[in-house]
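Taking it in order: structure first as structure tokens, then the write-up.
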Amino acid sequence: MYDVLHSVLTSRAVFRMSMLVILGGAFVPESAVAQQAPATQSLPQVISCVAKQGERQVCAADTAAGVALLRSTGESSCLLGKTWGYDDAGIWVFDGCGGEFAVGSTSETSGGSDFIGTFEPYGQLRTHLAAFDDTAEVQDNATRAGINFRTRGAVKIFAGTEWGIKLVQSSTQFNLSASGPGDFGVVDTDTNTVFDARLGFVGIDFGWLGRVAIGKQNSVHYDVTSYTTDRFNVFGGQGTSTYVAGTDGGASGTGRADRVVNYRNTIFKILEVGFQGQFRGADSNGVGGSVQLTILPGVKIGGTATHTNWSPTIQSLVRGLGGDADYAAVGTYINWRVLEFGLVYSHQQNGDMAQVPILGMNVPVAFDANGVELYARVGLGPIGLIGGFTDLEPDVKDPLLNPEFKTRYVIVGGEWLVARTAKLYTESKIDLDSVTATGASGDNVFTIGFRYDFLWRTSHQ
């Protein structure tokens with residue numbers, strides 16, 4: 001009798017305990033349950049990061065899964081790529097930008113081990129109305145789209161491709177950055193091609209040991225000449241010997257250099273070095289180097305030199321080409337609070353050419369030159385005022401070139417950032433006393449246009 005009663009009581013106790021566990025589980029907060037079980041997914045982390053006017057601040061974060069600006073909290077507007085961005089070290093903000101940033105989680109418990117890298121589509125949509133030579137024309141202004149990829153880890157593989165897109169088919173192009181690829185001595189005037197390859201490269205980032213890349217990419221010459229080149233909305237670039245011979249500087253190795261292997265590294269965060277070898281088979285080969293030094297916060301000085309070997313075919317094709325080409329440039333770049341300033345002096349020998357029409361044919365004629373280019377921008381909140389100066393003085397030797405041949409003009413303009421990545425701009429070229437290779441006078445040009453930048457970064461499996 002005792003054994004039976006004990007068995008019943010024990011069974012009832014076990015039953016009551018089981019019911020308490022079940023009922024208790026139903027009313028336990030969901031967050032408490034999540035803490036006890038292994039997590040399979042975590043929410044994005046929100047990080048606040050703020051910089052004072054004229055200062056740069058870096059906030060440590062795991063940015064491998066991407067970063068999004070949730071809310072601006074600083075004194076100035078946050079513009080992606082200009083006053084805020086992110087890299088492997090974290091989120092950086094500059095010049096009064098501050099905000100709350102959402103950082104996607106890639107921890108082991110959230111499945112981050114499945115992500116091997118980041119995938120970054122980007123681009124710029126640019127077009128304007130240009131008034132010149134008693135006419136007006138709607139033109140494209142170097143619209144482009146591209147994709148970058150980068151793996152995770154101590155040693156990273158990176159790759160990128162960029163295509164130029166002609167939104168408008170026009171015969172006149174004032175932005176030298178829109179020049180397509182081509183051989184030295186041959187200028188392609190075809191305006192029917194909608195796409196052309198601007199960049200295409202792969203490489204390895206060894207961390208503190210530096211980065212090696214191979215393909216079509218920005219040259220070491222551009223490391224320094226970019227202090228002014230491509231910073232204007234439309235004009236500029238002619239005084240730096242970057243985009244020469246009516247091309248994108250691919251064959252010369254000075255612009256978007258074609259078929260190159262380069263090495264770049266930053267030492268102690270203040271010294272940047274670059275080395276380049278160009279291997280174009282029988283067409284042209286060359287070597288180059290650049291060095292840049294940050295001497296004060298926001299102040300950089302640099303120098304670069306490139307030597308390009310022209311093939312016998314090119315030397316026989318281009319009139320007056322006295323041998324291989326040499327390019328050199330020195331400059332300084334300042335980025336302080338509301339002021340951005342760049343100055344570049346360049347010299348080239350056997351490195352540029354002009355097309356001279358003779359008996360219905362265009363004859364390529366080489367020349368040497370010295371150039372100076374200045375860029376300045378003053379930012380007042382969403383408004384920016386732009387000014388600049390370009391002077392290219394060819395050393396005229398060939399009788400087919402006009403003895404007064406030179407390029408000299410002033411650039412003035414302004415821009416209004418209607419959104420963080422969109423702006424309206426106006427930019428004018430005021431010619432001083434330019435004379436073309438054939439003796440024609442230079443033109444005054446007025447432009448008004450629109451530019452929209454986009455960038456999206458996400459993890460890649």
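Since every read-out is calculated from the coordinates, none of them should be taken as a lab result. In this text the structure is predicted, and so the values were computed from the model without any measurement. So basically every Cβ, Gly included, is an ideal-geometry build from the backbone, and we count neighbours across all protein chains shown.
Can you list the lysines whose alpha carbon sits under 23 Å from that of LYS166, skipping same-chain ones fewer than 8 residues off?
In chain and number order, the partners are LYS216, LYS423, LYS429.
I need to check one value: relative contact order of the chain, counting alpha carbon pairs closer than 8 Å and at least 6 residues apart, in percent.
13 percent
Over segment 118-460, what portion of Cα pair distances is larger than 38 Å, expressed as a whole percent?
12 percent
Would you kindly work out the equivalent ellipsoid of segment 371-454 from its C-alpha gyration tensor and give its semi-axes, the square roots of five times the eigenvalues, largest first in whole Å?
33, 12, 10
How much net charge surrounds TYR452 when only the other residues with a Cβ under 13 Å from the Cβ of TYR452 are counted, with Lys and Arg +1 and Asp and Glu -1?
Residues near TYR452 contribute +3 overall.
Aspartates and glutamates within cross-link reach of LYS397: Cα-Cα under 15 Å, excluding same-chain residues under 8 positions apart?
Of all the aspartates and glutamates, those that pass the test against LYS397 - Cα under 15 Å, at least 8 places apart if same chain - are ASP352, ASP368.
Where the only charges are on Cβ atoms (+1 Lys, Arg; -1 Asp, Glu), what is the dipole of segment 43-109 about its Cα centre, to the nearest 20 debye?
Numbers: 4 positive and 8 negative charges, 45 e Å.
It works out to roughly 220 debye.
Tilt of helix 2-27 relative to the longest C-alpha principal axis of the chain, in degrees (0 to 90, nearest 10)?
For 2-27 against the chain, the angle is about 30 degrees.
Can you tell me the dipole magnitude for segment 337-461 around its Cα centre, using point charges on the Cβ only (Lys, Arg +1; Asp, Glu -1), in Debye to the nearest 20?
Value, rounded to 20: 720 debye.
Kirkwood hydrodynamic radius, computed over distinct alpha-carbon pairs, for segment 139-212: how many Å, to one decimal? Display every interim value, and only then the final one.
Values: mean 1/r = 0.0692 Å⁻¹.
14.5 Å is the Kirkwood radius here.
Based on Cβ point charges of +1 for Lys and Arg and -1 for Asp and Glu, what charge dipole magnitude is obtained for segment 135-256 about its Cα centre, in debye rounded to the nearest 20?
In total the dipole reaches around 600 debye.
Among VAL202, GLY351, GLY323, which residue has its Cα furthest toward the positive end of the charge dipole of the chain, with +1 on Lys/Arg Cβ and -1 on Asp/Glu Cβ?
VAL202
Positive end of the charge dipole of the chain (Lys, Arg +1 and Asp, Glu -1 on Cβ, about the Cα centre): tell me which of GLY236, PHE279, ILE334 has its Cα farthest that way.
ILE334
If one computes the Cα centroid of segment 138-190 and of segment 292-331, what distance in Å separates the two points?
First find each Cα centre; the distance between them is then 21 Å.
Show that you can apply the helix-only estimate: for the chain, add -39,500 (n - 2.57) for every DSSP H stretch of four or more residues, divide by all residues, and state [θ] at 222 nm to the nearest 500. Intermediate results must be reported in sequence, preceding the final value.
Working: 4 runs with 45 residues, N = 461.
After summing the helix terms and dividing by residue count, I get -3000 deg cm²/dmol.
Regarding segment 42-101, what are the three Cα extents along the principal axes, ordered largest first, in Å?
Computed over segment 42-101, the largest-to-smallest principal extents equal 34, 20, 15 Å.
May I ask you to derive the relative contact order of segment 294-346, considering only C-alpha pairs under 8 Å and at least 6 residues apart, and to give it as an integer percent?
Relative contact order of segment 294-346: 37 percent.
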